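To keep things clear, I will list the structure first and then write my remarks on it.
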Amino acid sequence: MTTDKDNSPVGLPKRASIAAMVSLLVVVPCFWQRHIESGDLGSHVYNAWLVQLVEQGRAPGIYVVTQWRNVLFDLMLFHLGKIFGWGIAEKFAVSICVLVFFWGVFAFVSTVVKKSAWTVAPLIAMLAYGYVFYMGFMNYYLSIGLASFALSLMWSGSQKGFVWAVLLAPIIQLAHPLGFLWFVGTASYRLLWMKLEGRKQLLLPVSGCAIAVGVCVFFLRHPGFQADWLDWRFYLRNGADQLAIFGGRFVVLTRVLLVFVAVCALVDVVRSGRNREYWKERRLTLELYFVTLCVTAFLPENLHPDPNAGWIGLLVTRLTVISAIFALCWLASLQVRAWDMAGYGAVAIIFFVFAYQDTAYLNRLEAKVEKLTQGLPFGTRVLAAIDVPPDYRTMFLHVAERACIDHCFVYSNYEPSTLAFRVRVKEGSPVVTASSEDSEDMQSGTYEVQEEDLPLKQIYQCDAVDPTQVCIRDLIAGENNGSPTVTPAR
């Protein structure tokens, strides 16, 4: 990590009191509702509870495997849950992830631009509660924060920093392989960029984009992998898309922010852009952003390499968080102006007000499901086909999981059948389906109930006017589980 004029580390605040105050502010959204409404988070908590049941011999057909990827958050959540209970464990574990992400990105941006990134701190906070967070991709989210720390350590090329970054690498892999790949790829790019001179440096962005094109061609020529891509408008995946989460007003706010950012950048270029040093100092950041944009343009969004396992989904939509981080490096390099910071702060305030309102709505929905499940006998099997408002970009498919802890089994639980998590299932388990395809159909409400599934109950939205109103009923063989649900409208 580089140093500033008074030999203090660049990246993190010099005073612990400042770091503590900022940290408290950053984790406020983790505590402003009873539950953190973060997509897959409910499933992570539920499956941590299942692991506890496995240890007690109360989850027939469920077993736990040892794996070294996509598991760090689950391990942390499980051990905290055993000590504090699942409600507190959820808050603590997610708060740790948020702080690792926020300060990791802050340290990386500060190291790249060689000054503390306070100018863009509101934007980093917004990114910390962006699409990846509200989808509940907590292991991936944690890996990006850890990778940001590791990159900030090795960025200067010092031997000591490189050693510390290498020591962090296995922990990044334990969290998620995508974060590990980002660390390895960006670290390699940085080290080669420092070794090469002149036009030879152009080999790096060309090679990066060529690899992305090669991956695209490979999957196109091997349809057995069942890969599919997003539409051709790759420029929409510029990093700002991470802020478009709950509904259309977030899209409007994101567009306003993009216009404001463009004005800030244009003013800076007009004032200083004729200086060759200006572009020389920012060239690496621009290259990395361009390569990342190229990768997101050519990589498949969803991939199904193993027909016996689940899909590897939303790859590109996750990776745009990396584009956003490189964009923040550019913005942090601009000359600091009061109106820049005021604009970023104003947008951040509006963003978090909107997020509070939408998570309050989702909490009301989950509270109704909790009330519905409390009277169920332990071991009751349930399905839940709960839809979010149609303009939501994030999916909220796991509303019943937390509600079922200590009460019931969510038969559609997606984790065991995907073979991507440490919780696995044997064929014929009464706790969860062993088929990833059946799990997907159950969650979407298109599953045809089989005789051997019974007894089985369905939680569904039963009021078209108020989508937070939920009901429960017994399913019968031959019907689709989602047939009585209504489409939420707000």
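The values are calculated or read from the model by the stated rules, or taken from the named source; none is laboratory data. Remember, it's a predicted structure, so these values are computed and weren't measured experimentally. Cβ coordinates were reconstructed from backbone atoms using ideal geometry, including for glycine residues, and neighbour counts include every protein chain displayed. Only protein heavy atoms, including side chains, enter the accessible area calculation; ligands, DNA and RNA are left aside. Shrake-Rupley method; radii C 1.70, N 1.55, O 1.52, S 1.80 Å.
Whether any residue in segment 263-281 is crowded, with 20+ Cβ neighbours inside 10 Å and either modelled with pLDDT under 90 or not acidic (D, E) (or both) is what I want to check.
Scanning segment 263-281 turns up no residue that is crowded, with 20+ Cβ neighbours inside 10 Å and either modelled with pLDDT under 90 or not acidic (D, E) (or both).
For segment 352-406, how many residues meet the condition of being in contact with a Pro (Cβ under 6 Å, 6 or more places away or on another chain) and open to solvent by 10 Å² or more (accessible area, probe 1.4 Å)?
Quick first cut of segment 352-406, residues in contact with a Pro (Cβ under 6 Å, 6 or more places away or on another chain) only: 387, 389.
Those still in the list that are open to solvent by 10 Å² or more (accessible area, probe 1.4 Å) too: 387.
Summing the residues that are in contact with a Pro (Cβ under 6 Å, 6 or more places away or on another chain) and open to solvent by 10 Å² or more (accessible area, probe 1.4 Å) in segment 352-406 gives 1.
Checking the conditions here, which among R237, R282, R255 is within 30 Å of E197 (Cβ to Cβ) and not β-branched (V, I, T)?
Sole residue among the options that is within 30 Å of E197 (Cβ to Cβ) and not β-branched (V, I, T): R282.
Considering each of F246, F250 in turn, give the residue that is in a loop (DSSP other than H, G, I, E, B), closer than 22 Å to M126 by Cα, open to solvent by less than 80 Å² (accessible area, probe 1.4 Å) and in contact with a Lys or Arg (Cβ under 9 Å, 6 or more places away or on another chain).
Result of the check over F246, F250: F246.
Looking only at helices (runs of 4 or more DSSP H) that lie completely in segment 8-105, which have at least 2 residues being of a type outside the set (G, A, S), more than 30 Å from G428 (Cα to Cα) and open to solvent by 10 Å² or more (accessible area, probe 1.4 Å)?
Fully inside segment 8-105 and qualifying: 16-26, 72-84.
Within segment 410-428, which residues are open to solvent by less than 10 Å² (accessible area, probe 1.4 Å) and of a type outside the set (D, E)?
Scanning segment 410-428 gives V410, S412, N413, P416, S417, V423.
List the residue pairs whose Cβ atoms are under 8 Å apart, where the first residue sits in segment 263-284 and is under 16 Å from V113 (Cβ atoms), the second is surrounded by 11 or more Cβ atoms within 10 Å (Cβ to Cβ) and basic (K, R), and the two are 6 or more positions apart or on different chains.
Going by the 8 Å Cβ cut-off, the qualifying pairs are C264/R337; L284/R190.
Restricting to segment 108-126, count the residues that are in a loop (DSSP other than H, G, I, E, B) and closer than 24 Å to T254 by Cα. Walk me through how you get there before you give the answer.
Taking segment 108-126 and keeping what is in a loop (DSSP other than H, G, I, E, B), we get 114-117.
Filter once more, keeping what is closer than 24 Å to T254 by Cα: 117.
Count: 1.
Pairs needed: first member in segment 194-206, farther than 13 Å from L284 by Cβ; second member anywhere, aliphatic (A, V, I, L, M) and surrounded by 11 or more Cβ atoms within 10 Å (Cβ to Cβ); C-beta distance under 8 Å; at least 6 residues apart or different chains.
Qualifying pairs under 8 Å: L203/L196.
For segment 157-170, name all the residues that are closer than 24 Å to T320 by Cα and open to solvent by less than 70 Å² (accessible area, probe 1.4 Å).
Matches in segment 157-170: A165, L168, A169.
Report whether or not L146 is part of a helix (DSSP H, G or I), farther than 21 Å from L315 by Cα and open to solvent by 10 Å² or more (accessible area, probe 1.4 Å).
No; evaluated as a whole, the condition is false for this residue.
Name every residue in segment 167-211 that is within 19 Å of T292 (Cα to Cα), under 19 Å from the mean Cα position of the chain (by Cα) and assigned to a helix (DSSP H, G or I), in order of residue number.
Those that are within 19 Å of T292 (Cα to Cα), under 19 Å from the mean Cα position of the chain (by Cα) and assigned to a helix (DSSP H, G or I): P177, L178, G179, F180, L181, W182, F183.
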